[in-house]
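The values are calculated or read from the model by the stated rules, or taken from the named source; none is laboratory data. Please read these numbers as outputs of a predicted model, since none were measured by experiment. So basically every Cβ, Gly included, is an ideal-geometry build from the backbone, and we count neighbours across all protein chains shown. Heads up: the accessible areas ignore ligands, DNA and RNA and are worked out on the full protein's heavy atoms, side chains in. Shrake-Rupley method; radii C 1.70, N 1.55, O 1.52, S 1.80 Å.
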Amino acid sequence: MSEQTKSLWNESVHLPSFPTLEESLEVDVGIVGAGITGITAAYLLAKQGLKVALIETSQILQGTTGHTTAKVTAQHGLIYDKLIKQFGVENAKKYYQAATEAKTLIENIIQTHQIECHYTNENAYVYTNTDNYIEQIKNEMKAYDKLNISGELTDNLPLDIPYQLAISMHDQAQFHPVQYLKAILEEAIANDVHVFENTSAIDVEFNKKTAIMTANNQRIICDYVIQASHYPFFDGQGFYPVRMYAEREYVLAIKTEKDFPGGMYINAETPTRSVRNIRLNGEDIWIIAGDSHKVGQGDQKINYFKNLAKFAKDTFGPIKIINKWSAQDYTTIDGIPYIGTVSSAHDNVFVATGFNKWGMTNGTTAAKVITDLIMKRRNEYSEFFAPTRSSFPNSIKPFISTNMNVTKEFIKGKFDTTKQSISNIKTDQAIVTKIKGSRIGIYKDQQNNIHAVKTTCTHLGCEVSWNTTERTWECPCHGSRFSYTGEVIQGPAKEPLQTIDLNTDVEK
Ligand code: FES
C-alpha cells in the first residue's frame, strides 16, 4: 500500500454508491447525514416499520465517521471527575451508562447480523507523563469508584511509551467503523430505507406537513426530520452557532517493527496522542491520532501530520506511513452532546451533534435516543442530552468563553493581514493581504499557479484563515472549511468563497 490521504477505513472497504434525489418523495422520517448516527437511526427506525429516507451531501461515510479512530468506549479521556464536579454524581453516571449501553447496542447488532468488523475487546488507558496530571488521574480513579466503573490505576502499561501513571477502564472495545456501518446500512436497505448521495439539505419547510428542502429543489416530505450531519443545517432558533465550537484532529495509520501489545491509549495532556491498532489482511496497523486544534486556529507554521509522524518515530522506532487523514467534530459549551429536538419551537425536528470526538458511542446513543423519541418510548437519557435542557450549573462560563473566542476571532480576522507582497509568495504558501480595501487570501500551488479568494466566510461573515497541513481555508467561528479555490468542503457555510481574479476583480 502506498501512503494515502484517505482514511484507512474508507480505503479498505468498497462502498456502494447511491443516486441523487431527483424527485420529491414522502416518508415517515427524513434523515440528513449518512455517518454512524444517521445510518444507525435509519436501521433502528426501519426495523420498527417506519419508512425512512437517508440523504448525504457527498458520499456515505465520508464525513467524521469515516475519519474516526473508532474506539467504542465510555472512556472519553479524563472526564468523570469533571462531570461529577460540574453536574453531580447522578448525571455523571448517566453519561457513563449511556456510553456503555451504546457499546452494548453495537455488540448486539454485530452479533445479530454476524458482522465481520474487527471488533475486539480492549482495556482503554489514559496515561500521563506530566507531573501536573498525576493528581487528575488519581481523582479520576476516585470518580470511577463513585460511579462503579471497572478500572484501576496502573504503572504497568502494556504499551512501551514514556509515562508516569495511567488509569485503565476495563472491557472497552474498538472496531472497523466502515465495515460495521456498511453492514447495517445493507440491513436498513433490506428494510426499505431509501438512500441518496450528493443530495444537500438546505432548509426545513413547515406547511401542512414538514419537508426537507434540498439544494436541487426537491422535497422530502416527512413527519420527522433527523439532522445527523454534525452542524445543524436547520437552526430552528436553537442558536447552535453560539453553543458549540469545532475542532480538527489528525490521524496516521502506520506500520512499525514492534508487535502491538493490545489496549487503546490516550494521554491526558496536550497535544493529544491516541494509539490503537487493527490487524488488517494479516498485518498489524497502528492508528496514531492527535494534534487537535480549533478549526481555523491551528498554528500555520506546523505540519500536524509531520508532528504526529515524529512522535511515532521517536516513541516506537522506524515507521512506515500507510494512510493519513483528519477529522472534524464539535464540542458543546457544557461538553455534553446535544441529542433531541432542535428547539422547543420544532418538536418534530431532531439534532445530534457535539460528540466531542467520541462519536462511536455518542452517535449510537443519539440514534437510540431519537428513535425512542420518535416511537414515543421512554428513554432515560433523553432529558439529559436534550438540546433544550435548562443549562446545567456552571455552564455559563464556557458559554461566555466560547463566544468571546468567536468574537475575538471575528475581530482579529478583520485586521489580521500580512505585509508580504504577492510577488514574494513561495510555492505551496498562502498569505492573507489587503488589496484596495478587500481582504484576499492568496495561495501559490505546487505548480506555481495563484489562487485568490475573498476571505469572508459565507456563513456569518468571519474571516477564514489558512491551514498549512491541509491546504484549506478554515473559519475559526463555526468550522466551515473551503478548498484553496474556494469550494465548500465542510459546512455550515453553503456557498463557496468568492474567487478573485487579481488582474480584474479587486474592488477599487
Ligand atoms: Fe460561521 Fe464561518 S462564520 S462558519
Evaluate the distance, in nm, between pseudo-label points positioned 7 Å from the Cα of T112 and of S423 along their respective Cα→Cβ axes. 6.9
Rounded to two decimals, what is the ratio between the C-alpha radius of gyration of the range 97-154 and 2.2 N^0.38 Å? 1.51
In whole µm²/s, the translational diffusion coefficient that Stokes-Einstein assigns to the range 53-151, given a Kirkwood hydrodynamic radius over C-alpha pairs, 37 °C and 0.692 mPa s, equals 206
For the range 224-363, compute the orientation-averaged projected area of the C-alpha convex hull (one quarter of its surface), in nm². 10.4
For a quick protection proxy, order the peptides 179-189, 215-225 by their average other-Cβ count within 10 Å, most packed first. 179-189, 215-225
Compactness index (Cα Rg / 2.2 N^0.38 Å), the range 125-176: 1.17
Along the Cα-to-C-beta direction of K85, a point sits 7 Å from the Cα; which residues of the range 270-296 have their amide N less than 12 Å from that point? none
Could you state the accessible area per residue of the chain in Å², with a 1.4 Å probe and every protein chain left in place? 42
Based on Cα coordinates alone, diagonalise the gyration tensor for the range 113-201, multiply each eigenvalue by 5, take square roots, and list the semi-axes in whole Å, largest first. 39, 15, 14
So for the pair K146, N449, with labels modelled 7 Å out along Cα→Cβ, what separation do we get in nm? 5.8
XL table K306/K368; K103/K209; K258/K357; K138/K313; K142/K320; Cα-Cα > 32 Å flagged, in table order, is K306/K368; K103/K209; K142/K320
Any idea what % of Cα-Cα pairs in the chain are farther than 30 Å? 49
Applied in sequence order to the range 473-487, the curve 6.51 cos²θ - 1.76 cosθ + 1.60 (Karplus, θ = phi - 60°) yields integer Hz couplings, x standing for Gly and Pro, of 8, 10, 9, x, 7, 9, x, 5, 10, 9, 5, 5, 9, x, 5
Translational diffusion of the range 159-245, µm² s⁻¹ [Kirkwood Rh, Cα pairs; Stokes-Einstein; 20 °C; 1.002 mPa s]: 124
On alpha carbon coordinates alone, what is the Rg over Rh value for the range 1-94, Rh being the Kirkwood radius? 1.10
Testing the spin-label approximation: label points 7 Å from Cα along Cα→Cβ at N129 and D171. State their distance in nm. 3.2
Radius of gyration and Dmax for the range 79-227's Cα atoms, expressed in Å? 21.7, 63
Roughly what % of Cα-Cα distances in the range 200-289 sit above 18 Å, to the whole percent? 64
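What's the long-distance tail for the range 426-508, i.e. % of Cα pairs beyond 14 Å?
57
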Non-local amide H neighbours of F234 (under 5 Å, H modeled in plane, Pro and chain starts lacking H): which ones? none
